[in-house]
Amino acid sequence: MIVENQLLLWNQAVLKIMDVRRLELAPGGQPHLIRLPENTLLYTIQGRARLLRAGEEHILEQGYAYHAGKGAVLTFTDISASLSCYGIQYRAALPLPCSRELLDLLELERPFERQYGFAAIHAAPLSAALSRMEQEWRRPGALAKLQVKSLFYQFMCELMGQLQRRRLEPASPDMAVQAARYIAENYTEPITADTIAALFKCSPRTLQRLFKKRLGLGPIDYLQQVRMDKAKALLSRTDAGLKEISEAAGYADSYYFSRLFKRCTGVSPSTYREWIRQFGDSESERASVPALSPAAGGIGSSGKTLMELPDTASRRSLRTAVHLKGELPLTRLPGKIAVLDPQFTDHMLALGEQPAGSVTVNGDPNGFPEYLIGSLRTVRTLGTKNEPDLEALRALAPDLILCTEFQKSIYDRLAQIAPTIMLKRNHDWKETLRIIGRIVGKEREAEQILQRYKQKIGILKSDLAAKLHGQSVTVIRPRDNSIRLHTSAHRTAAILYGDLGLCPPKQAVHRQRTSSMISLESLSELDADHYFVLTGGHLDTWPDEVQNTATWKNLRAVRQDHVYPAKMSMWIAYYGPIAMNRVVDQVAEVFLNAK
C-alpha cells in the first residue's frame, strides 16, 4: 500500500457516512463473527482481542486502528478484557467524469476496500475526533451530519499521516500471502499445486505446509473457495447462464462446476440464484444481525445480506449453510437443534439425528405423525407451527434453530435466542436433506439416502409405466363444499408425475400454480382414471354429502374402485425423506401390489 496514492484518492473521493457507533464485546466464550455491511474503520479505545481476517492477525489494544471493506467477515477471539471500539461505516467513490489515470490508480490501490491495521503513535487526536463524531452523529439535523463528515476527514488525515510515518508494510510479504494473492488474481487459469510451487521456486509439499500454517488450508482448497465466491457473485448480480458462470469462475466443465458448487454450499447454482432473487434484495435491509454487532450463540453469524458472502481465508475451513437470511458459518456441530416446522423432524430422523425440540401441527391430535412417533425420543414441544412458544424455546437453550419463511415475522426474535437458519418451506426435500446433512455433519449419509431413493424410483417408474399404460392419476382433497385439486406443480404431486412418471389429467397440469379449487360437479370433467384422496385431522373420511351424491357415485374411477385414501399429514405436511419414501411405497402397493 502506497500511502501517497491513498491520500491522492481520499482527496478526490465523494464520501457518505453511514453509521457511527460503539462495538462492545465481552471476554470469554466462542469467537464472534461479524460481517461488515459497509467499508468500516475500527478504533480500539479499551480492552484486548485477536482479530482474524484473510489469513492476517491483528491484536486489538487501546489505540489500534483497523480498516476493512464492505462484505469482510471479521473473527474476534481471545477477548481477554472487555473490548470497546469505535466503528465508522462509510461509502466512498470518485466523482465522474474523472481521468483514466485516477481510475487506474483506484483499481490498483482500492483504498476504501483494503485491509490494514496498526497501532497509532499519537492516540489523543484520533480519540478526540472520534468522540466528537459520536456526539454529533446522535444529534438530529443536516448540520450535525456535515460536521461528522468533516471530522471523519480530519480523522483520516491524521491516520494517514501516522501511517505514512510508520511505513509499516514489509518490502516482501511471506510466500503464502504472495501465493494467495496470485491465486486471487489468476483463478481462471488452470492452476495446480505444482504450477504454484514452481512459480515460487519451492516444492509442492513446502508450499502446502506454509500455506496451511498461514491460512489454515491448502492452496487448492483456497483456489476452490475463491472460484466459488466468484460464482456466487455472478449468480447474485447477473443473468448469465450456468456455462458462462462456470467458465468465468475457472471451470471448463459446467456439469462438474454445478456438482462442486452444491457440495460446497449445500444448494445448486440455480437454487442459490432463486433464493437471492426471491429473498435477498427484499430481506437484506432487515437482516437480524445488526451492523457491527456480534451474532447470538456459538455456532456462527447469519450475514447482513445474501449477496455479501464471506470471501476470507479465516472462513475457508468452516462448513457453511446457505439460507434465506444469508450464509451461516458452522464452527461446530450443533448439539441441540430446535425445529419450527415438523417436516425438519422427518429429515433429522432420516439422518439418525433427534431434534431437541419441535413445534407440532395445528389440528393433529398426536402432535407428531404416527409414522414418526416410534422413532422419536424425548422431544420438548415448542408450541405449534402457527404459534411457536418462544419462552419454551428460550428455556430449551438450543445451539441452532431451523425455521422457514413461515416464521419470517419473528426471525429477529429467534436469532436473539440462538443462531437461526431459515429454509424455504416448499423447497425440494432432496435439497433440504443435503442442507440439513451439512448442518449436522452427515453429508455422506444424506447422499446415501438420496441414492437409495433414486434406485427405488428408477425401478418403480419402469414397472408403473408397464402396468398403467398412460392412465391418469390425480390427487384431490375435500375442502368444505369444494375440492382442492393438486396440480403437477405441487411438491408432492411432482413426485407422482416427475419421479414416478405417472400421467396427470389435463386439468391438473400447471407450471406454476400448485393447486386449484374446483366444484364437485367439475370432477366429471376431470374424469381421472385414479384418485388419491387426502384425508386427515378433521377430514378423516370423505364427507357423507360428497360420497352420497350422484356426481360422485357416477365417476368412472369410483365405479371401478380406483379411489385410494391417503394421509394428508404424510403426503403434504411432513415433506421429508421418510414421508416421501412412504408415499412412493403406497403408490407401489396400490398399483403393483408391492410393499
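Exactly one residue out of Arg444, Arg425, Arg413, Arg434 is assigned to a helix (DSSP H, G or I), more than 29 Å from Phe591 (Cβ to Cβ) and within 15 Å of the chain's Cα centre (by Cα): that is Arg434.
Sub-8 Å Cβ pairs linking a first residue in region 199-225 that is part of a helix (DSSP H, G or I) to a second residue that is hydroxyl-bearing (Ser, Thr, Tyr) and modelled with pLDDT of 85 or more, at least 6 apart or interchain, are Phe211/Tyr222; Leu215/Tyr222; Ile220/Thr192; Leu223/Tyr187, ordered by first then second residue.
Counting only residues that are surrounded by fewer than 15 Cβ atoms within 10 Å (Cβ to Cβ) and not charged (D, E, K, R), region 379-405 holds 4 of them. In this structure, is Glu327 open to solvent by 40 Å² or more (accessible area, probe 1.4 Å), among the acidic types (Asp, Glu) and at pLDDT 75 or above? No: the conditions fail for Glu327. The test for being closer than 24 Å to Leu60 by Cβ, touching a residue at least 60 places away in the same chain (Cβ under 8 Å) and surrounded by 15 or more Cβ atoms within 10 Å (Cβ to Cβ) holds for Gln115.
Checking region 131-141 against the condition returns no match, with no residue being assigned to a strand (DSSP E or B), touching a strand residue (DSSP E or B) at 6+ places or on another chain (Cβ under 9 Å) and closer than 29 Å to Arg50 by Cα.
Scanning region 65-88 for residues that are open to solvent by 30 Å² or more (accessible area, probe 1.4 Å) and over 23 Å from the mean Cα position of the chain (by Cα) turns up Asp78, Ser80, Ala81, Ser82.
Given the criteria in contact (Cβ under 8 Å) with a residue 24 or more places away in the chain, under 22 Å from Leu333 (Cβ atoms) and basic (Lys, Arg), does Arg425 qualify? Answer is no for this residue.
Within region 198-228, being buried (at least 16 other Cβ atoms within 10 Å of the Cβ) and farther than 25 Å from Glu57 by Cβ holds for Pro204, Arg227. If you filter region 1-60 down to residues that are more than 21 Å from Cys85 (Cβ to Cβ), open to solvent by 20 Å² or more (accessible area, probe 1.4 Å) and of a type in the set (Val, Ile, Thr), you find that the one that is modelled with the highest pLDDT is Val14.
The values are calculated or read from the model by the stated rules, or taken from the named source; none is laboratory data. Quick caveat, the model's predicted, so the values are computed rather than measured. Every residue, glycine among them, receives a Cβ derived from its backbone with ideal geometry; neighbour counts consider all protein chains shown. We work out accessible area using only protein heavy atoms, side chains counted, and drop any ligands, DNA or RNA first. Shrake-Rupley method; radii C 1.70, N 1.55, O 1.52, S 1.80 Å.
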